[in-house]
Every structure is written in structure tokens, then in C-alpha cells.
4 protein chains.
Amino acid sequence: MIADARANASGTITAPVPGAPDPALLDDLVAANRILSDHGVLDAYGHISGRDPGDPRYYWISRSMAPGLVTGADIIACDLDNNPVQPGETRLFFERVIHGEIYRARPDVMAVLHSHSPSLIPFCNSDTRLRPMVGSAAFLGEGAPVFDIRTVDDQGDLNICTSAQAKGLAQALGRHGLVLLRGHGAVAVGSSIRQVVRRAIIAESNAKQQIQATLLGPVHFLTPSEIEYAKRMKPKDPDRAWQLWKQRAMGG
Amino acid sequence: MIADARANASGTITAPVPGAPDPALLDDLVAANRILSDHGVLDAYGHISGRDPGDPRYYWISRSMAPGLVTGADIIACDLDNNPVQPGETRLFFERVIHGEIYRARPDVMAVLHSHSPSLIPFCNSDTRLRPMVGSAAFLGEGAPVFDIRTVDDQGDLNICTSAQAKGLAQALGRHGLVLLRGHGAVAVGSSIRQVVRRAIIAESNAKQQIQATLLGPVHFLTPSEIEYAKRMKPKDPDRAWQLWKQRAMGG
Amino acid sequence: MIADARANASGTITAPVPGAPDPALLDDLVAANRILSDHGVLDAYGHISGRDPGDPRYYWISRSMAPGLVTGADIIACDLDNNPVQPGETRLFFERVIHGEIYRARPDVMAVLHSHSPSLIPFCNSDTRLRPMVGSAAFLGEGAPVFDIRTVDDQGDLNICTSAQAKGLAQALGRHGLVLLRGHGAVAVGSSIRQVVRRAIIAESNAKQQIQATLLGPVHFLTPSEIEYAKRMKPKDPDRAWQLWKQRAMGG
Amino acid sequence: MIADARANASGTITAPVPGAPDPALLDDLVAANRILSDHGVLDAYGHISGRDPGDPRYYWISRSMAPGLVTGADIIACDLDNNPVQPGETRLFFERVIHGEIYRARPDVMAVLHSHSPSLIPFCNSDTRLRPMVGSAAFLGEGAPVFDIRTVDDQGDLNICTSAQAKGLAQALGRHGLVLLRGHGAVAVGSSIRQVVRRAIIAESNAKQQIQATLLGPVHFLTPSEIEYAKRMKPKDPDRAWQLWKQRAMGG
């Protein structure tokens, strides 16, 4: 692939847009699609993207297809207006507007996932907040926020179709690592594709455990100081899980 | 196969009854049986049919057998009195009366499924209605109706054995996409085999999520306007899920 | 194998004891062990037996081993005192006393299963009765009885080790199709091995569904007249499920 | 491998430290890692160790890696200060301090497991105690204790990183067979690797069943005398389960 170039508003040629993804990002993005499908976080729908490591104005995402079938050849680049870099691409996720708006609102974010993770749905439609049961879920903080699309407009369906809706979602996300979407699903963000995958898998199991714990009586969640401490710390050996998940999802 | 023909009451030869199913319908009907088995919506029992696309007075359904073992050679045609078109067929679902009566009552319906989908059973025996948690479940409307066979007769068992019982069931279904049967299971209908499969799989997961959400406190379901909007809209790229499910259930 | 013979108390030679099992019974008993393991009703422990079709004073059961590994060569005969017919057999289930005492107390019973079916355990330790959610579970009647071993003796553990304990269990079973054992598991009985397997699989799924339904509010179980009707009727095409389960558990 | 030797503080050569593990221990330790992964008790994290049968001052454990991938070549020896016997080993579990401190506090303990067993987490964060539903879970006694790391220090995260924290954990464990860690997971101990594996698998299923039973109303747990009796007795044929689990996890 050859990188094409674009003129900016004043006609100056800007930096070339990405022609081919960083090999490590490509590898992680394909693996992420497969791992999340293997864990049941993604089914036929949902999508994960990674911001271009060399140019923050672009992100990489698969064509519109089932995540479990994604290969390297299916990964394309979009700009932050969610337009594909290569002209002529027609198979695009209509909800990719989520990715562009979050990358814009959160310069620290390097990966974005939109899923319908099954055990998160009950928390999307409840006043009970999703809260961390264990240290690895500390990124949920004092509780994951819930985005209600009616705060943007109460016409239309529950999908994020417009920039206004995606901006509202990004606002609800704020500085959090995960936001729930009422009647819809979730969006997880992070500083790498691997971190987002890790968060998504932990959020799903944390949700199941919180539901079970609710049955047993009042739940003792992580304390504010434990949450703060865990947020400051790096997870111990996160690649151990990544390699195991990848091997299970992709064989070899 | 050669289409045979029948005389109507006055002795006139009517249009030939279907001799061989439409290839696309046949393919979808076999895949539907396998997909629903693979998802645990169907076990050894239950059945799905598709109305003949060329002649609305006939529908196609498998012989009486486990859905997970159905092949193209097992698909037969029945008229709306639920009589097999080919004489001599003896392996018939005794509850096929459900299909004929619903096709009669609902000219818009092109496919009918009867299942004992496991997570729907709790809602069959409860005053709590099965209601949509997410946009794709909007076809559940303000709550799936529950058919109580005692409204037709309180003799016999819970199976739908007679035309009177099937007519009662069709009446309880009304304009809905899914009706629950007290102490028994569910019937889903739709404008195509693929839509019915989609509805059945979504209903099963929606039921699980609603049960979990009930544990967390009051559940916020889709609003009436969201339900109306979603009903008007076509689902985005429904074939993506169909192809993925088919590949998982049938390989290739 | 050659049938050996025994002298009764007065020295008269009685009818020969079974030397080899009826081939159909042997085939069903091996399949039952595999099917129940495949469904998670049996794990490493538990056992199913079939009464000899030709001589009601004997039953057939596997040697003491994991049910999922049983082959035809592992099936042995015991008399109703639970002594093996072939001398020298040492690998015997210590709880086989359950089988002899139930065959003695219930001449109509042709098969007995002892399991620790996971979803039945909650009902073993609860005042909430296991009751039929659907027609196929009507054999649970107005609720499965619970046997408390303390009604026999309050020494020892919860296992059924003595004839007195097994007689107490048989008394609690009464005319029922299934009895729960407090702090332990369940015993299912029936008129054939296939019926017992069917009952065990249905009881496990009924338990899950009743637990889910309890979450939704008051549960509407089968009515007394529906239970009575279903008990009088034969199940429709029960071999359809048996063949499907056998194929899944044993291949071919 | 050749056993190396060490001088004690006064310069005297002490007994050689273990150079190669006992073959039976090595075999069981590898199998334990695989079985616990296969049962979902261990995921990418957690670790199980066995005390050296010949020298109680050492224990064997895998290098820091996913338990499901452990082979015999990954098993190393540590002393009770948790230092590896072979110099130069760098891949070590940072929480291995748990093992040394428990072996020190409990001379009867021959194996230690630290896990994040999913169904135990709800009990880690609840006032509801994990209690035995069936005889095989009698080792849970009147309820598994819960260790709250804040009783040692309220700085840091929830991981057991220091000797002081591990000593506090060992104290909370006391004479029990299992201790839960608030916001974290569990530690199981026993007189052999096989017993610890058995306890971990039973604890996970017991937790699920207790949660389900709680839904049904008040739960009747094992009585104190039943618990005492079961603790005194050896389990019946425990190797039957071990062999079945091993075959499932490792094939052959």
C-alpha cells in the first residue's frame, strides 16, 4: 500500500496519512477481535480500533464484519471524522463515529471498543452502578457512568449514529475507562489495544460477580483508597493473560 | 420431485401444490434448524417452518425429528390444514397445527418457530412480562403476551394438539412477534426464516439479561417511542449475524 | 459368561442368576452413563442401574468407576441384597444399597439413578419444593420429597451406607419419581433406563428454570389436573431425545 | 539436576536442598495446574505449590506463567523465605510469599493454592459466609474465614506482597482449609496437592449452589455434627475424580 496525501484547508500538503498499519498494532488489532469474540464480549456486532501510533489523527479498525472473522487484510484506516483513508471503501461500521469522537475528546486514549457484552446489559438498564469487586477492576472507579442517549435527543433509536450523539457519549465517558449505554451496550477505552481488551474481559466477569454478590446481601466494593492505589499501579504481568487468550482464540 | 395436483370441492383442478421447495428457502430452513440447535434454543424437540414464497397456502417444515439433524431431504410441504402434500408421510410433528393456524391468521407471517427456549420458560410461568432490554429486542414491544391454554379448554395437557387450541394461541399472539405458552415454551413469527431465527436468539439472551437486571433493582426498559422507532427501522446488516451463526453451526 | 446357580436355604437349586445382561439393557446402561455425564448430571461419582428384565431379583450396574468411562465390560449383576453375582468382584459402589432397597420397595421400578445433579442441590437444602415448570416435568408432582437422613439416624455422614438408611430413603421416595437427599443429591426412578435418564435431565433444567422464575416473582406451576393428565399420558416420541443425546455423548 | 548445598550462618554445610522434585509430586503438580485451568478455577493468574515430601523447608511451584501452560520443566523449588533454590531464576510469582508463610504457620499443610476462583469472589465481598451445602464441602466448616488486608495495613493494593501481609493471611486461615481474600480471591490448603485441587473445585461449585439456594429462601447447611463427622472421615475414592479430571485436562 502506498500512502496518499491530502491538502489542508490552505492547500498545504500535510503529513502523509497512514498507508499501512504498524505491524504490531495490526497484529494486536486482529488478535483483539478474535480474543473478544472467543470470550463472548463481541458477537456478530461491535468493533475495536487502535489509534495510529505515529499520527494521532488516524485510527485503525476492521471493515464492517463479524469480529471473529477479522484478518489483517480487513483492517483499514479512518481519520477522526471517521472517513476511510483509502477511497472507495464501502463496508464501514455505521457506529464508527464513536471512535473518532472519543479519540478527539481523549488524547490519552489509544484504543476504543464498542461491545454488547452480555453481562453489562443489566447494568445499562439499572440504577445500580457497576463497581469494582477486585483490584483488576479498579478502572471502574466509584462506578461506571451510564450514557442515556435521550440527553442528546429523544428521537431515533438507541444507536450512536451522529456526531452529536457520539460527543454526548464522550462527555458521559469523561475521564473514565468504561461507559455503559442505556438499552444498548458499552464503550471501553485505554492506553493500548491490550489494555482495552483486558478491561472488557474484566468488566464482563466483574458484572457477573457483582450480580451474584448482590444476591448474598450488601456488597463490599473496593474502597476509594484501594481504587486510587490500583489506578496508579501498573498491572502485574498483563501480557501473561494476553498471550494465553491469544493462543486460545487463534491457536498456535 | 414432481408437483401433484388436487381437485377443489367443485372438481376443478387448482394450482399445483409445491413439489420442491424454493432452493433459498430450503437452504435457510436447514440452516435455521442447525443454528437454533447450536444456540440451545431448540433441543430434541421444537420446529421451524417457512411459508412457500410462491403459494401462501403451503408451508415447509422438517419431518418429525431432532432439529439438529435436519438435512434438505427431510423438508416436506404441508397445506394450512397441516396435511402433508406428499401422500404417505407418517413422521409428522403432532403440534404442526400451530404453523397452519398462524399462517392463516397472519398473512404477513412467512416463518413460524415453536421452541422450549430455556430462559423463556421462567417468563411463561410468571406475571413478570418479558420486555426489551436493548434495541434489537424491540419486537417484544411492551411485553410478550402469555397464552394460557386453559382459556381454550382445561382438559388435556399443555401441548397444542387441536385447531381450537392453535386458534387460541394465534389469537393470543395477535400482532406480536413472540408469544409465550404457560408451562410450555414459545412461538416466534416473522417476515422471513432469518428474522424468526434472529428474534428467537435475541429473546433468549434478553430473557437472561432481564432476569439478571431484576436482581439489581427496578429495570429501565426501552421506552414506548424507542420501541416504535426500532419497529419501524430495519435491523442493520442482519445477514452478518446469520452468516456467522451458520458458519458456527454448519462449518465451512 | 456362564450363569452360575445358588442353593436356597433348604438346599434346593433355584433359578439361575443372570450370567450376561440382556443386550438391549447393556446398551442402554452404557449409553445412560455416558449421556448423564455429557449433560453434567453425573460427574466422577453417582451411578445408574437397570433391573434385570428376566429376573426381578437382580439388577445391573457398573463397577465402581467414573460413569463417563463405563463400557459394556464394566457392567455387573447384583442381587437385591446388593451382593455381586460373580464372586470376587471388589470394585463396588458403597452406596449401591440404594438400588437394592428401592427395587425391593418398588416392584414397578426398572431403573434407579443416584446423582449429585448440580442444580438440584439448592432444593435439597431448602424449604422451597422442586415443582414442575413444564409438562415434561409433571413427574415431579406437587413437589419432589426431600429425604433427611437424620430421620433414620443422626450419627455418621450424609451418605447412604446402611440398609436402614436406604429403607428410609425408599420410604421418603414413596410413589414419587424423584427424591432429593438433604445435603447430598438425588435419586430418580422409572419404568426404564431411558425414562430415568429423561427424568434426570429434565429435573436439572427444571431446577434452573424454577430458580430463575423465583427471581421474577410468584411462580405459576402446573396445576394439579395438568400434573395428573401428564402423568397418565406417555411422552411424545421420547426416543427422539434419547437418540440425539446418545449421538452427542458417544459419537457415531 | 544436581543438588547444590548451602552453608548455614555458622558455616556448617546443611542438608542438600532439593535438586529435582519427587517424580510423583512433579506429576501431580503439573496435572494440578492443568486441571484447575480446565475447571476455570485458575485463569492466566494464580499458582499452586507442593511442599517437598523429603524436606519440609522447601516447596515446589511453577515459574511465573499461565497455569494452563505449565510443564514439568517449569517446576522450581523455593525455600520458606520464598527464594528459589537454583540461582538466577527470574520468572517468579510475586505473591509466592503466600506459600512460604503458610507452610511455616501450618506444618500439616503439604500444598497451597492461590486462585481467583470466579464464584468465590462474591463471598469475598459479602457478610454472607461460604458454608457447606454437601458432605464433600464439609472442609468449609461453619463458614470460610475472610481475610481483610486492611487488618495488616491499609496502604497499597489488595495483593499479598509482603511477609507481614502473608502472615496476616496465614493467621486468618488459622486451622481452616480455605480462606477468602476480600476484593481478591482465595487460598486453599491441604495435606496433598490432590486434596487441595479437590477442595478448590468443590468450593467453586458449592459457591454457585449456595448462591442459587439463597434465592430460594433460608438455606439449610450441614449441621455441626455432620461437619465434624465428615472432617474425620476420608473421602470415598478421591482418586476416581482425580483420574477423570486429569484425563479431561491432559488427554490420554
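FYI, it's all coordinate maths here, none of it is from the lab. None of these values were measured; they are calculated from a predicted model. FYI the Cβ positions are ideal-geometry reconstructions off the backbone, even for glycines, and counts take in every protein chain you see.
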Roughly how crowded by other chains is peptide A:181-191, in terms of the mean Cβ count from those chains within 10 Å of each of its Cβ atoms?
2
Please list the non-local residues whose amide H lies under 5 Å from the amide H of C:ASN125, H modeled 1.01 Å from N, same-chain partners needing a gap of 5 or more.
C:GLY183
In whole Hz, with x marking every Gly and Pro, tabulate ³J(HN,Hα) for the stretch D:218-226 from phi via Karplus 6.51 cos²θ - 1.76 cosθ + 1.60, θ = phi - 60°.
x, 9, 9, 7, 4, 7, x, 6, 5
Under a straight-distance cross-link criterion of Cα-Cα below 12 Å, which aspartates and glutamates are reachable from B:LYS234, leaving out those fewer than 8 residues away in the same chain?
A:ASP157
Innermost chain D residue relative to the axis carrying D onto B, by Cβ distance in angstrom:
D:LEU215, 4
Taking chain B as a Gaussian network, Cα atoms linked when under 10 Å apart, which of B:VAL97, B:VAL109, B:VAL219 shows the biggest mean-square fluctuation?
B:VAL219
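Can you give the charge dipole size of chain B about its Cα centre, rounded to the nearest 20 debye, using +1 on the beta carbon of Lys and Arg and -1 on the beta carbon of Asp and Glu?
Value, rounded to 20: 580 debye.
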Taking a point 7 angstrom from the Cα of A:SER163 along the C-beta vector, which residues in the stretch A:67-90 have backbone N less than 16 Å away?
A:79-84
Hey, which lysines would be in cross-link range of A:LYS208, C-alpha to C-alpha under 21 Å, not counting anything within fewer than 8 residues on its own chain?
B:LYS208, C:LYS208, D:LYS208
For the stretch B:158-170, in order, what is each residue's ³J(HN,Hα) by Karplus, 6.51 cos²θ - 1.76 cosθ + 1.60 with θ = phi - 60°, in whole Hz (x at glycine and Pro)?
8, 7, 8, 9, 10, 4, 4, 5, 5, 5, x, 5, 4
Using a Förster distance of 41 Å, how high is the FRET efficiency between C:THR90 and D:ASP55, based on the Cβ-Cβ distance and rounded to 0.05?
0.65
What does the convex hull of the alpha-carbon atoms of the stretch B:21-179 project to on average, in nm²?
9.7
So what is the relative contact order of chain A, in percent, for Cα pairs below 8 Å that sit 6 or more residues apart?
20
Euclidean distance of C-alpha centroids, the stretch D:217-252 and the stretch A:38-52, integer Å
40
May I have the pair-distance distribution P(r) for the stretch B:129-205, computed from all Cα-Cα distances with 10 Å bins from 0 and rounded to whole percent?
19, 49, 26, 5
Out of the DSSP beta bridges found with both residues in the protein assembly as shown, what percent are antiparallel (nearest 5)?
90
Cβ-Cβ FRET estimate between B:LEU26 and D:ASP27, R0 fixed at 41 Å, reported to 0.05:
0.15
Could you work out how far apart the two model spin labels at C:ARG63 and B:ASN83 are, taking each label as a point 7 Å from the Cα in the direction of the beta carbon, and quote it in nm?
6.0
Built amide H within the under 5 Å cut-off of A:SER62, gap 5+
A:ILE48, A:ILE76
Treating the point 7 Å from Cα along Cα-beta-carbon as the label, what are the nm separations from C:LEU69 to the other copies, to one decimal?
3.0, 3.0, 4.3
In terms of modelled amide H atoms, which long-range or inter-chain residues lie less than 5 Å from the amide H of C:SER117?
C:ALA186
Candidate lysines - alpha carbon under 24 Å from A:LYS167, same-chain residues fewer than 8 apart omitted:
B:LYS236
